[in-house]
Amino acid sequence: MFETISLWKIISVFFATILADVLWTLYIRRTNEGRAFSAAFFSAAIIVLGGMVVTSYVENAFYLIPATIGGFLGTWITIKYDLRKNKAVHA
């Protein structure tokens with residue numbers, strides 16, 4: 001399992017998953033707002049990034065670790081940023 005671990009792949013899976021989770025959060029928000037075009041754009045981007053991540057950890061299950069951490073951080077960062085941005089707008 002650990003024989004072919006690449007630092008570059010760990011980093012790319014980590015950041016691709018962060019970005020994918022940011023896009024998921026934005027996709028859900030745009031869908032709830034009824035903004036079809038931007039929701040569709042985010043959906044397409046999610047498919048591309050998700051495919052890259054999946055093919056990485058199918059090759060080696062170790063890459064699930066940076067993918068999981070990236071997924072957590074992507075959602076957490078996006079929601080914190082969005083809450084801070086909305087608080088500033090309504091202040």
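The values are calculated or read from the model by the stated rules, or taken from the named source; none is laboratory data. Worth saying up front: this structure is predicted, and the values here are computed from it rather than measured. So basically every Cβ, Gly included, is an ideal-geometry build from the backbone, and we count neighbours across all protein chains shown.
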Taking the criterion of being of a type in the set (S, T, N, Q), within 11 Å of the chain's Cα centre (by Cα) and modelled with pLDDT under 90, would at least one residue in the stretch 17-29 satisfy it? yes
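Could you check the chain for helices (runs of 4 or more DSSP H) lying wholly inside it with 2 or more residues that are crowded, with 16+ Cβ neighbours inside 10 Å and among the basic types (Lys, Arg)?
In the chain, the matching helices (runs of 4 or more DSSP H) lie at 7-32.
Of the residues Val58, Val89, only one is at pLDDT below 80 and over 23 Å from Ile11 (Cβ atoms); which? Before the answer, list the steps.
Numbers: Val58 fails: over 23 Å from Ile11 (Cβ atoms).
Result of the check over Val58, Val89: Val89.
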The stretch 41-65, residues that are touching a helix residue (DSSP H, G or I) at 6+ places or on another chain (Cβ under 9 Å) and farther than 26 Å from Leu7 by Cα: Phe41, Phe42, Ser43
Long-range neighbours under 6 Å by Cβ, at least six apart or interchain, first residue more than 20 Å from Leu26 (Cβ to Cβ) within the stretch 59-74, second at pLDDT below 85 and buried (at least 19 other Cβ atoms within 10 Å of the Cβ): Tyr63/Ser56
